[in-house]
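So the structure is just underneath, and the comments pick up after that.
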Amino acid sequence: MRTLFLNPPSFEGFDGGAGSRWPASREIESYWYPVWLCYPAGMLEDSRVVDAPPHKISIDECVAMARDYELLVLFTSTPGFHVDVRIAEMMKDSNSKLKVAFVGPPVTVEPAPGGPKGQLYDMVKDPAELNNLYQKRADIVDSLSTLLQKYKDQGHTRPLGGQ
């Protein structure tokens, strides 16, 4: 199956992300190579990895590339998820046979629709985080939620994403 592993285009002026994590401005761009896409790509014959941001590959160029593939594996991030969904839709419009798989925090960390609203794991008995106890251990969830609210009320935390 011809597979395109895509680290999608970002916004104009994006410096690779590292600069957004530090309170100082930077004079250079610095991109982390998407090794998380390269590992599976290396095991699939006839696959390609495209790291769009540092190579200034546009959305239109990515859409055109998708015409030659059967599967798109698109890395996404929480801030850019809505844009990445739109890019995938554009690619599907261009190639109706294209199957799309998203990888990254919004699809691996965010709760699934209809699923538990959170995650709770026993890190001693379940270090691989295979058994989500969130719905089974309401006592622990309530205790941790109360503690979190206490920290919020004391100003020790700040909201993320308007929550």
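Take Q149 and tell me if it is surrounded by 11 or more Cβ atoms within 10 Å (Cβ to Cβ) and assigned to a helix (DSSP H, G or I).
Numbers: surrounded by 11 or more Cβ atoms within 10 Å (Cβ to Cβ): yes; assigned to a helix (DSSP H, G or I): yes.
Considered against the rule, which asks whether it is surrounded by 11 or more Cβ atoms within 10 Å (Cβ to Cβ) and assigned to a helix (DSSP H, G or I), Q149 comes out as yes.
Filter the range 85-123 down to residues that are of a type in the set (S, T, Y) and either in a loop (DSSP other than H, G, I, E, B) or modelled with pLDDT of 95 or more (or both) and give me whichever is farthest from S58 (Cα to Cα). Outline the logic, then answer.
If we filter the range 85-123 for residues that are of a type in the set (S, T, Y), which is where we start, we get 94, 96, 108, 121.
From what is left, the residues that are either in a loop (DSSP other than H, G, I, E, B) or modelled with pLDDT of 95 or more (or both) are 94, 96, 121.
Numbers: S94: 15, S96: 21, Y121: 40 Å.
Among residues in the range 85-123 that are of a type in the set (S, T, Y) and either in a loop (DSSP other than H, G, I, E, B) or modelled with pLDDT of 95 or more (or both), the one farthest from S58 (Cα to Cα) is Y121.
Just to check your reading of the model, which residue among K97, K150, K136 is within 30 Å of G42 (Cα to Cα) and over 22 Å from the mean Cα position of the chain (by Cα)?
Details: K150 fails: within 30 Å of G42 (Cα to Cα); K136 fails: within 30 Å of G42 (Cα to Cα).
Checking each option against the conditions leaves just K97.
Could you identify the single residue in L120, L74 that is of a type in the set (A, V, I, L, M, F, W, C), touching a helix residue (DSSP H, G or I) at 6+ places or on another chain (Cβ under 7 Å) and more than 20 Å from P9 (Cα to Cα)? Explain how you work it out, then say what you get.
Details: L74 fails: more than 20 Å from P9 (Cα to Cα).
When all the criteria are applied, what remains is L120.
Out of the range 133-148, which residues are among the basic types (K, R) and touching a Leu at 6+ places or on another chain (Cβ under 8 Å)?
Looking only at the range 133-148, we keep the residues that are among the basic types (K, R), and these are 136-137.
R137, the sole residue that qualifies.
Search the range 64-82 for residues being modelled with pLDDT of 90 or more and surrounded by fewer than 18 Cβ atoms within 10 Å (Cβ to Cβ), and hand back the single one that is farthest from R2 (Cα to Cα).
For the range 64-82, the residue satisfying everything is A64.
The values are calculated or read from the model by the stated rules, or taken from the named source; none is laboratory data. Nothing here was measured: the structure is a model prediction, and the numbers come from that model. Positions of Cβ are backbone-derived with ideal geometry, glycine not excepted, and every protein chain shown enters the neighbour counts.
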